[in-house]
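The values are calculated or read from the model by the stated rules, or taken from the named source; none is laboratory data. Quick caveat: nothing in here was measured; it's all calculated off a predicted structure. Note that each Cβ is placed from the backbone with ideal geometry, even for glycine, and that neighbours are counted across all protein chains shown. These accessible areas exclude ligands, DNA and RNA; they are computed on the full protein's heavy atoms, side chains included. Shrake-Rupley method; radii C 1.70, N 1.55, O 1.52, S 1.80 Å.
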Amino acid sequence: MINDAAGALDVDAKRAVIQSALAAKGRKGELLTCRPAELACVATEAAAAAVARGTAVVAVGGDGSLNTVAQAAHAAGCAMGVIPYGTFNYFARTHGIPTEPAAAAQQLLEARPMPVQVGAINDRVFLVNASLGVYPELLQDREAYKARFGRSRWVAFVAACATLLRAQRRLRLHIETGSTVRDVQTLTLFVGNNRLQLQQFGAEPEDTLPGTPGDGSMAALMLRPIGTLSMIGLMLHGAMGRLGEAAGVEGFEFHHMVVKPTLAPGRKKVMVAFDGEVARMRAPIDIRVLDKPLYLLQATGAAGTANAPQAAA
């Protein structure tokens, strides 16, 4: 499935890359192209067809597109492949998938399904991260900047700085993690399921739980309310990959967390983000590592593929 709005290349160029890789190996595949608004419906239909045929679905796009296809593949129980066309491509890079689309397409033809950890925020699967507070606002601002200035990591960084410098809204959260209960004030609660992204932030937590983010647990970061000068310092720490050292940042690991935000009278939903997508969800917010993995096509041999769905022929 190709999200024709993802990445810098037009849809014909994306199709050509995939068709060339298939032709080189004498293989065939059904290429489905759709607009972002159609992706969820197309992914659900494709996943059902993959289960019936004993094959896999392949997502072509950035982390947001991958999230939508993963939701369908995880629910249906079919394997999923990835050809990255996003700005950051954290999910693909973490799992050893080339960020060059032609190389990723070629690798898929020799790949086998391997179980990988996914998280859930209420009823939504996420692959890389989920969050409440200023981070969803940051993502909305980033899309506006991209529409005006183009897609690049520098544009994303400038948008993030602009959002953080005007961050004022404080979240009051009641957080339950196992037997631990806390009431906190924070500008954002960020949950990471991707060790690569946390490493780049310099915010990888110590292994306080068995397993590590992406391997049995997830990492949470909270940004306490701070002044403008401290916020500038925090952004500098983040730019240098040392966010974990910045004042006002707290991190911890968990398997399951329930978040109850204090909302204005009459409000029942809170803005959340997951893998670059933004939506409103009804409180309380339940965030957890799912017991059921996603089977991802990876070129890492057949180990760990017992009882996994078959890869596409």
Is region 298-305 home to any residue that is open to solvent by 50 Å² or more (accessible area, probe 1.4 Å), in a loop (DSSP other than H, G, I, E, B), modelled with pLDDT of 85 or more and not acidic (Asp, Glu)?
yes
Of (1) farther than 21 Å from residue 123 by Cβ; (2) under 18 Å from the mean Cα position of the chain (by Cα); (3) among the small types (Gly, Ala, Ser), residue 72 satisfies every one except (1)
Answer yes if at least one residue in region 109-124 is open to solvent by less than 10 Å² (accessible area, probe 1.4 Å), among the hydrophobic types (A, V, I, L, M, F, W, C), under 22 Å from residue 19 (Cα atoms) and touching a residue at least 12 places away in the same chain (Cβ under 8 Å), and no otherwise.
yes
If I filter region 222-244 for residues that are at pLDDT 90 or above and either more than 23 Å from residue 128 (Cβ to Cβ) or out of contact with any Lys or Arg (no Cβ under 9 Å at 6 or more places or on another chain) (or both), do I get at least one hit?
no
Filtering region 91-107 for residues that are out of contact with any helix residue (DSSP H, G or I) (no Cβ under 6 Å at 6 or more places or on another chain) and open to solvent by less than 30 Å² (accessible area, probe 1.4 Å) leaves a count of 2
Tell me, which residue of region 31-66 that is in contact with an Asp or Glu (Cβ under 8 Å, 6 or more places away or on another chain) and charged (D, E, K, R) is nearest to residue 275 (Cα to Cα)?
63
Residue satisfying all of: in region 271-280; in contact with a Leu (Cβ under 9 Å, 6 or more places away or on another chain) and surrounded by fewer than 21 Cβ atoms within 10 Å (Cβ to Cβ); nearest to residue 74 (Cα to Cα) among these
277
